[in-house]
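Here's the structure we're looking at; comments come further down.
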Amino acid sequence: MKVCMENITVFDPVEEAKFAVENGFDGFELAIEYPSSTPVHIIARKKELVDVLSSGNLVRLAHVPTFVDISNFYDELREASVSVTLKAMDAAYAIEAEVVVVHPGFRFPLTPREVSFKNTVQSLSKLLGVAEEYGFTLGVENLPPGVLPGADYFSRVEEFKELVSQLDSKKLMFTLDIAHASIKPSDPPLSFIEELYGRIIHVHVSDNLGSRDDHLPLGVGRIDYKTPLETLRRKGYSGTVTLEVFTPEKDYLVASKRKIS
């Protein structure tokens, strides 16, 4: 497996990329997000970023903005979210990303699931058109339950199977977030691996205490991240795994890398 680092967006993205190179990471997942890594910032500094990433021969991935909602029931908000995501995809293309991680949106408690799902499909259809033009793959990420109380969304294997049945594109793949899938009542990580292995293009891993998405260093929380990673290895997975360890103390990130390298 190729162990990757993700930038923390309050820090300078070029300095984050340099840290990844200097500490022997195999890849770099660029979170294209406010405040320091917006599409405008990334495109303005694309040469610096590409030069740094090339110096370490790092695999390049991108994560489009988290704080948008491509499934929103308000047309204006949904269209604005798609527009922001498309601008982030332009930035991903500028750094020559191979895989772009995208969230499927959120479901609000009073919104019927079928309404949210229809909106997600429509939005992803637009994003897939651009992904095909740019030549990268979209990795739709499973979400943690409890983002909005009583309205879990894309934390079940069947939702991803249904998505594939409606959007038959070779550019549509999945990002398995082991930490998200370890929060009940999500389907567990092994269910995603057994049922969707052929569609898993990328993996996220961090630790948590079992009730929310804490993004802790590995070994600090309570989840079993080892068994899913070992299962992926046994199945022959040799792709990318990003450590989503969000702490300003980089020693924790390096220690987490040692645990899975």
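The values are calculated or read from the model by the stated rules, or taken from the named source; none is laboratory data. None of these values were measured; they are calculated from a predicted model. Positions of Cβ are backbone-derived with ideal geometry, glycine not excepted, and every protein chain shown enters the neighbour counts.
Some points to look at:
- Tallying residues that are within 25 Å of I193 (Cα to Cα) and either of a type in the set (A, V, I, L, M) or outside any loop (DSSP other than H, G, I, E, B) (or both) within region 93-113 yields 6.
- Of all residues in region 224-244, those that are among the polar types (S, T, N, Q) and in contact (Cβ under 8 Å) with a residue 60 or more places away in the chain total 3.
- Residue count, region 165-183 (criterion: more than 25 Å from Y225 (Cβ to Cβ), of a type outside the set (D, E, K, R) and touching a helix residue (DSSP H, G or I) at 6+ places or on another chain (Cβ under 7 Å)): 4
- Looking across region 22-38, the residues that are crowded, with 18+ Cβ neighbours inside 10 Å and either modelled with pLDDT under 95 or part of a loop (DSSP other than H, G, I, E, B) (or both) come down to F25, D26, I32, E33, S36, S37, T38.
- Any pair with Cβ under 6 angstrom, 6 or more apart, that starts in region 245-260 at a residue that is under 18 Å from D224 (Cα atoms) and ends at one that is among the polar types (S, T, N, Q) and part of a loop (DSSP other than H, G, I, E, B): V245/S206
- Single residue of region 146-168 satisfying the filter (more than 13 Å from H103 (Cα to Cα) and modelled with pLDDT under 95) that is surrounded by the most Cβ atoms within 10 Å (Cβ to Cβ): D152
- Cβ-Cβ contacts under 8 Å between residues 6 or more apart (or on different chains), taken from a first residue in region 195-223 that is more than 26 Å from A97 (Cα to Cα) and of a type in the set (S, T, Y) to a second residue that is at pLDDT 95 or above and in a loop (DSSP other than H, G, I, E, B), are listed as S211/I183.
- Selection from region 218-246 of residues that are assigned to a loop (DSSP other than H, G, I, E, B), over 20 Å from K184 (Cα atoms) and in contact with a helix residue (DSSP H, G or I) (Cβ under 8 Å, 6 or more places away or on another chain): K235, Y237, V245
- For region 196-217, the tally of residues that are farther than 19 Å from L253 by Cα, in a loop (DSSP other than H, G, I, E, B) and either under 16 Å from the mean Cα position of the chain (by Cα) or of a type outside the set (G, A, S) (or both) stands at 1.
- Contact map, region 92-107: residues that are on the phi < 0 side of the Ramachandran plot paired with residues that are surrounded by fewer than 24 Cβ atoms within 10 Å (Cβ to Cβ) and basic (K, R), Cβ distance under 7 Å, separation 6+ or inter-chain. Pairs shown: A94/K46; I95/K46; I95/R60; A97/R60; E98/R60; R107/R113.
- Qualifying residue in region 61-78 (condition: within 28 Å of F25 (Cα to Cα) and in a helix (DSSP H, G or I)): no
- Leading residue by the ranking (nearest to V50 (Cα to Cα)) among those in region 8-37 that are hydroxyl-bearing (S, T, Y) and touching a helix residue (DSSP H, G or I) at 6+ places or on another chain (Cβ under 8 Å): S37
- Where D51 falls short, out of the listed (1) in contact with a strand residue (DSSP E or B) (Cβ under 9 Å, 6 or more places away or on another chain); (2) more than 28 Å from K259 (Cβ to Cβ); (3) not basic (K, R): (1)
- Cβ separations smaller than 7 Å between residues 6+ apart or across chains give the following pairs from region 147-175 residues that are within 16 Å of I201 (Cα to Cα) and among the aliphatic types (A, V, I, L, M) to residues that are exposed (fewer than 15 other Cβ atoms within 10 Å of the Cβ) and modelled with pLDDT of 95 or more: V157/S191; V157/E195.
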